[in-house]
Structures are given as structure tokens and as C-alpha cells.
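See below for the structure under consideration.
The values are calculated or read from the model by the stated rules, or taken from the named source; none is laboratory data. Source: prediction; values computed, not measured. As a convention, Cβ positions derive from the backbone with ideal geometry for all residues, glycine included, and neighbour counts pool all protein chains shown.
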Amino acid sequence: MALSGLALAGCAGPQSALDPAGPAAAQIAFGWWLMAGAFTVVWALVLALLWRALRRREAGQALRQPERLVVWGGLVLPTLVLTALLVYGSLTSARVTGVGATPDMVVEVTARQWQWHFRYRDADDRVLGESVDALAMPLGRMVEFRITSEDVIHSFWVPRLGGKIDAIPGRVNVLRLRADAAVPMRGQCAEFCGLEHARMLFPVRVMAAEAMPEWLAAQPPAQAPAGRAPPRHRASENVL
């Protein structure tokens, strides 16, 4: 029971991809549990066949038609499993990335060593405010993140909301996410980017859309790290 409790506790928390707080993360978590269950069954089947083969060997019995086992276990079964995963991934990719969804807000994300800079725009492209190393999202609203970097490759990831996407210098990658629960969340850089990579975290605060202007007004002025100029370029967009 103690081990089970520890295992289940590891599936929760502000950075748990298995404790989703939005539709994209829910699809990812479901896919993870689906694969974990399917491959557990495959693993158990392989162990059962191995046990049977060892028992027959101890009894001095030859395995009948071993080539059939090789064909079915080594060719047919992996092909079926991989094909099923390919079909599932293709069908759910739009829901994971938010392709086709109409955003209610745009957040321009600029990553740099070692800081996250967020600029918020409404549906009419008006700038609402900025924040550094802290992200705010309106509850139940689709947010389009336009993500880039001004130095090296970083990776934007909020595990409880969706999958990770790279922040690449000279390029804008687009990801659409929705937060359906105002629960503790934290994002991070998921691509090694230098000595301070492990500290490149940011809390995610989900609130009512009406409360965001007040939150943004309370944020300190956005400043680039010492020795760095603020981002000034616009890059080509790539929607994943």
C-alpha cells in the first residue's frame, strides 16, 4: 500500500503531465495510459510465452513450429501495435496542438538565457501588458502562444496543459492551449540551454479573464537580463 501511494503521488503536482488541467494535456495523458496498458499486456504475454518455452525445454519437449512464433510475435504484433499508435496519434494531434481552434488571447513568448518574457495581446491585437518569469491565463479560454528565442534553442512546456514546443531563434512556433482548472501549475524550459537551465521555471496562474488586467498592472516592468537588449525581431510563423 505504501509503494502504491508513493507511485500515485508521483502522478500529481504542479508539473505532472499525468494530472491534466486542459484538453491538450488530457489527450496526452490518455495516450500515455493507453500505451502503458497496452505494453503491459504485451510484456505479460512475452513473459508467459518465455515461461512456457522454458518449461517445455526442461521437459525435453521441442517447441512446435517456432517460425510461427517468430512471425506472429516479432512481425505481426509489433506492426499492429505501431499502426494503432500511428492512427491514434494522427487523429489526436489537432486536439493536442489546438490547430483549427480560434484563440481568445495571444501571448508572445520570448525565451532567453535564462528568462521567459510574456507579452499579452487581446483578440484585436492590442497589447494588454507584459510579465517576466510568470504566466497568467484566462480560465476556460483558448490562448495562442507565439514562441521564439533570442539566443539559443529553448523549449516551452507546461506539463499540465499540453506538450512541449521548441523556442528557436529567428522562428516563431505556435501552440494553442486552454486551462480548464485554476490549479497550481508550473512551466519550464525542457531543452538544455546552459548552466542555469534547471532554474528556467515559471509559475502559471489561471484566473478569470476579468481579473487579468489588474494582475498585469501589478507586474514589474519587463527588463532583459544584464547585457542583453530586449527582443526586436519578428520571425516566420510555424503552426505545429
How many of the residues making up the range 54-70 are modelled with pLDDT under 75 and assigned to a helix (DSSP H, G or I)? 8
Taking the range 148-158 as the region of interest, how many residues are under 15 Å from HIS117 (Cβ atoms) and either surrounded by 23 or more Cβ atoms within 10 Å (Cβ to Cβ) or not assigned by TED's automatic domain parsing to the domain that holds VAL206 (or both)? 4
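Table: residues versus (1) assigned to a loop (DSSP other than H, G, I, E, B); (2) of a type in the set (S, T, N, Q); (3) buried (at least 16 other Cβ atoms within 10 Å of the Cβ).
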residue: TYR120; (1), (2), (3): no, no, yes
residue: GLY129; (1), (2), (3): no, no, yes
residue: ALA136; (1), (2), (3): no, no, yes
residue: ARG160; (1), (2), (3): yes, no, yes
residue: ALA182; (1), (2), (3): yes, no, no
residue: GLU210; (1), (2), (3): no, no, no
residue: PRO220; (1), (2), (3): yes, no, no
Tell me the residue from GLY89, GLY98, GLY73 that is within 22 Å of the chain's Cα centre (by Cα) and surrounded by fewer than 16 Cβ atoms within 10 Å (Cβ to Cβ), please. GLY89
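Confirm whether ALA226 is modelled with pLDDT under 90 and over 17 Å from ASP133 (Cβ atoms).
Numbers: modelled with pLDDT under 90: yes; over 17 Å from ASP133 (Cβ atoms): no.
So ALA226 does not fit the description; no.
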I'd like the residue in the range 148-170 that is among the hydrophobic types (A, V, I, L, M, F, W, C) and under 22 Å from MET207 (Cα atoms) and, out of all such residues, is farthest from the chain's Cα centre (by Cα). PHE156
Considering (1) closer than 20 Å to PRO23 by Cβ; (2) touching a Leu at 6+ places or on another chain (Cβ under 9 Å); (3) small (Gly, Ala, Ser), say which one ALA94 fails and leave the rest. (2)
In the range 189-208, which residues are loosely packed, with under 15 Cβ neighbours inside 10 Å and assigned to a loop (DSSP other than H, G, I, E, B)? PHE192, GLY194, LEU195, GLU196, ALA208
Criterion violated by ASP133 - all others in (1) at pLDDT below 80; (2) at positive phi satisfied: (1)
Filter pass, GLY129 being in contact (Cβ under 8 Å) with a residue 24 or more places away in the chain and more than 18 Å from the chain's Cα centre (by Cα): yes
